[in-house]
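The values are calculated or read from the model by the stated rules, or taken from the named source; none is laboratory data. The model shown is predicted, which means the values in this text are computed figures rather than measured ones. Glycine also receives a Cβ, built like all others from the backbone with ideal geometry; neighbour counts cover every protein chain displayed. Side chains included, ligands, DNA and RNA excluded: accessible areas come from the protein's heavy atoms. Shrake-Rupley method; radii C 1.70, N 1.55, O 1.52, S 1.80 Å.
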Amino acid sequence: MWNDSLRIGVDKIDEQHKTLFLKVGHLIDDIIDTGEYQKEKIISTILFLKEYAVTHFADEEAYQISINDKNYLKHKKMHENFVATVLRHEKKMVESDFAYKDVSKFAGTLLAWLTYHVSDVDQKIGKATADDIDDSENYADIICDCFCDMISNITNINKDAIVKVDEHDEVFNDSITIKHSFTHIIKGYVVFYYSFSFINKLIYGLIDTPHEENEIGSFEENFLLQISTMAVENVYRRLYVDEYEVDEAEISVIPNDEKAKTIPQKIVAFDTELGIVEVGFSVT
């Protein structure tokens with residue numbers, strides 16, 4: 001999971017990131033490769049993440065303060081949200097006595113947050129970046145651009161290589177869909193359509209694990225939910241909105257013969273090099 005392109009150039013922080021990738025990678029290996037895990041190991045991972053939040057996040061934030069990083073407060077907020085997410089998953093796992101579904105959801109969340117945060121957010125530490133505020137009212141373009149940013153960052157695919165296509169032969173039968181409603185500035189919703197082929201190439205390419213197609217469960221669904229949610233959060237950031245809550249999204253499998261009933265006003269298809277992803281939206 002770790003590669004040197006994820007380095008930010010601060011040795012202490014880079015080593016901490018490598019340790020985190022290693023720990024999360026071992027957890028995912030247990031859940032995905034064998035389908036088996038020990039409750040004690042999950043508890044150990046949670047304790048590690050809590051300690052990591054205290055030490056690594058403090059070190060990272062202290063470094064940001066030392067270099068007068070203008071994104072310090074936003075970065076700190078993301079750290080706080082991650083801690084809250086870990087605690088929320090811990091509560092659910094304890095209540096279910098660490099049922100496989102809840103543990104796999106936790107693993108999917110960790111993989112999505114880790115790959116995005118280190119590959120995108122942390123890469124901006126100490127670097128001059130143009131303000132990504134957008135005063136455009138072409139919300140469809142903003143949504144698509146934020147989604148392409150997300151895919152490019154977590155996969156290391158050049159964003160210019162992610163292109164719109166008018167026609168494609170990707171099969172979306174029984175595809176996974178994530179639907180988010182917009183409640184601030186934008187009114188409406190966005191739907192991300194992920195084919196099984198794309199899902200497998202994306203997720204199992206990240207963890208370098210071969211996997212049979214069409215075996216999609218809580219781990220994969222929660223990973224897709226997290227990256228979709230982070231794309232939507234970036235839409236809000238582009239629109240000046242600092243304080244917002246992203247409503248819990250809907251995850252569903254829509255059979256091909258039912259898809260026509262769910263088509264939003266507009267759908268844009270993107271060739272991502274891993275396969276086609278469709279982004280549909282009805283926004284005003």
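A quick yes/no check of all residues on (1) modelled with pLDDT of 90 or more; (2) β-branched (Val, Ile, Thr); (3) surrounded by fewer than 15 Cβ atoms within 10 Å (Cβ to Cβ):
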{"position": "94", "(1), (2), (3)": "yes, yes, yes"}
{"position": "99", "(1), (2), (3)": "no, no, yes"}
{"position": "107", "(1), (2), (3)": "no, no, no"}
{"position": "113", "(1), (2), (3)": "no, no, no"}
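Within segment 148-182, being among the basic types (Lys, Arg) and in contact with a Ser or Thr (Cβ under 6 Å, 6 or more places away or on another chain) holds for one residue alone: 159. For residue 167, the conditions (1) in a loop (DSSP other than H, G, I, E, B); (2) modelled with pLDDT under 85; (3) surrounded by fewer than 21 Cβ atoms within 10 Å (Cβ to Cβ); (4) of a type outside the set (Phe, Trp, Tyr) are fulfilled apart from (2). Listed by first and then second residue, the pairs with beta-carbon distance under 6 Å, at least 6 apart or on different chains, first residue in segment 6-30 and closer than 20 Å to residue 208 by Cβ, second open to solvent by 30 Å² or more (accessible area, probe 1.4 Å) and part of a helix (DSSP H, G or I), are 23/48. For residue 56, the requirement of being under 27 Å from residue 157 (Cβ atoms) and surrounded by 17 or more Cβ atoms within 10 Å (Cβ to Cβ) is not met. Evaluated against (1) crowded, with 18+ Cβ neighbours inside 10 Å; (2) within 16 Å of residue 203 (Cα to Cα), residue 17 falls short on exactly one condition, (2).
When segment 59-68 is examined, which residues are found to be part of a helix (DSSP H, G or I), of a type outside the set (Asp, Glu) and either touching a Phe, Trp or Tyr at 6+ places or on another chain (Cβ under 8 Å) or open to solvent by 60 Å² or more (accessible area, probe 1.4 Å) (or both)?
63, 64, 65, 66
Scan segment 22-63 for residues that are among the charged types (D, E, K, R) and within 15 Å of residue 90 (Cβ to Cβ) and the total you get is 5. Checked against (1) polar (S, T, N, Q); (2) farther than 18 Å from residue 149 by Cα; (3) at pLDDT 80 or above, residue 284 meets all criteria but (3).
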